[in-house]
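Please treat every number below as a calculation from the coordinates, not as lab data. What you are looking at is a predicted structure, and each value in this text was computed from that prediction instead of being measured. Cβ coordinates were reconstructed from backbone atoms using ideal geometry, including for glycine residues, and neighbour counts include every protein chain displayed.
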């Protein structure tokens, strides 16, 4: 089984927030969907990433080991996307400039 990009995002978010609800809110997804994706990943890998209590979520020792690698994978994927978007050698940037109305009237 290969964890998906989304599952890795969810894993990192829950680890950062120490709560499924807060992580779901940060990612703009439902908490049941996030929980299901992580449970699926844990089941397919045959490991537990989190120790769940009624109040908190805590990384297991294996989760602690895997978290830095998950973060690195997400960074690498984002860098890959960025390079692909700018493959034509042109930068696609948006520049917003604001001026006071009194100054803008002269230009």
Obtain the nm distance between the two label points defined at residue 51 and residue 69 by a simple spin-label model: each point lies 7 Å from its Cα along the Cα-to-C-beta direction. 2.1 nm
Return one number: the angle in degrees, 0 to 90 and rounded to the nearest 10, between the long axis of the Cα atoms of helix 31-45 and the longest principal axis of the Cα atoms of the chain. 60 degrees
How high is the relative contact order of the chain, in percent, with contacts defined as C-alpha pairs under 8 Å that are six or more residues apart? 23 percent
Estimated [θ] at 222 nm from DSSP helical runs (n ≥ 4, -39500 (n - 2.57)) normalised by residues in the chain, nearest 500: -19500 deg cm²/dmol
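Contour minus end-to-end for residue 22 and residue 84, with contour as 0.36 nm per residue of separation and end-to-end as the Cα-Cα distance?
Working: separation 62, 0.36 × 62 = 22.32 nm, distance 3.16 nm.
Extra length available between residue 22 and residue 84 comes to 19.2 nm.
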Can you list, bin by bin at 5 Å, the percent of alpha carbon pairs in segment 5-85, starting at 0? 3, 16, 25, 26, 17, 8, 4, 1, 0
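Taking R0 as 22 Å, what FRET efficiency do you get between residue 43 and residue 76 from their Cβ-Cβ distance, rounded to the nearest 0.05? Please list the in-between numbers first.
Details: r = 25 Å, r/R0 = 1.16.
So the FRET efficiency works out to roughly 0.30.
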